[in-house]
Amino acid sequence: MHISVAIIEDLEEIREGLKNYIDSDTELMVVSAVGSAEEALLMLPRLQPDIAIMDINLPEMNGIRCMQAVKKDCPATQFMMFTIYENDEKVFDALQAGASGYLLKNTDPSDILHALKELYQGGSPMSPNIARKLINVFREQNNRSIRSNLLGKRENQVLLLLSQGLLYKEIAAQLSLTVGTVRQHIHKIYEKLHVQNRTEAINKVSKK
């Protein structure tokens with residue numbers, strides 16, 4: 001039994017190269033290869049492939065919007081984003097829209113085949129640098145959550161302004177506080193974060 005794969009990629013050279021390489025694997029079979037989201041919207045519900053390889057930067061409707069539009073009609077299809085984009089916004093948009101994997105176009109062909117099989121088996125394959133980005137973002141969110149729970153609302157406001165390089169008097173002016181009150185807040189922040197000075201506090205704020 002083959003793992004059925006559909007390819008949605010607007011660049012013909014990449015689309016055909018990917019098709020030929022996937023078809024060379026005995027476990028995989030390309031059932032369709034199209035160049036636009038509009039074609040995909042017609043093709044995917046009809047074929048119900050196991051996996052859809054979706055380029056993000058498609059003409060007219062992009063790949064993320066296409067996936068959102070068609071996913072409900074293809075409940076068993078796993079979507080693998082295949083793109084040049086590795087910025088945080090594109091990654092999270094794709095994952096929130098329902099993608100189960102995210103590969104960059106410079107991924108080694110053998111790794112693409114491995115990723116498709118991993119996806120079919122329930123995994124969530126991603127290019128290594130994409131996985132690192134996600135880890136860093138989740139780690140930072142966790143750090144922020146810890147700081148948010150540890151510090152009071154006003155202390156968080158002071159810490160944010162402190163991390164932006166503002167002077168005590170500038171922080172006081174922005175928050176309508178006296179400089180003495182700002183000093184008291186900063187002293188408490190240092191105690192709670194177990195740091196000795198502004199530099200250590202800023203490093204802790206930006207720690208990944």
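Readers should treat all values here as calculations from the given coordinates under stated rules, not as data from a laboratory. Quick caveat, the model's predicted, so the values are computed rather than measured. Don't worry about glycine lacking a Cβ; one is built from the backbone with ideal geometry, like all the others, and counts go over all protein chains shown.
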Hey, can you rank 179-189, 94-104 by average C-beta count inside 10 Å, highest first? 94-104, 179-189
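I need S24, S32 ordered by Cβ neighbour count within 10 Å, fewest first.
S24, S32
How big is D, in µm² s⁻¹, for region 3-127 by Stokes-Einstein at 25 °C and 0.890 mPa s if Rh is the Kirkwood radius over C-alpha pairs? Walk me through the numbers on the way to the answer.
Working: Rh = 13.9 Å.
Answer from the Stokes-Einstein relation: 176 µm²/s.
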L28's amide H: which non-local residues (gap 5+, or another chain) put their own amide H closer than 5 Å, with H modeled 1.01 Å from N in plane and none for Pro or chain starts? I3
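Based on other C-beta atoms within 10 Å, arrange F92, F79 from fewest to most.
On the way: F92 13, F79 28.
Least crowded to most crowded, the residues run F92, F79.
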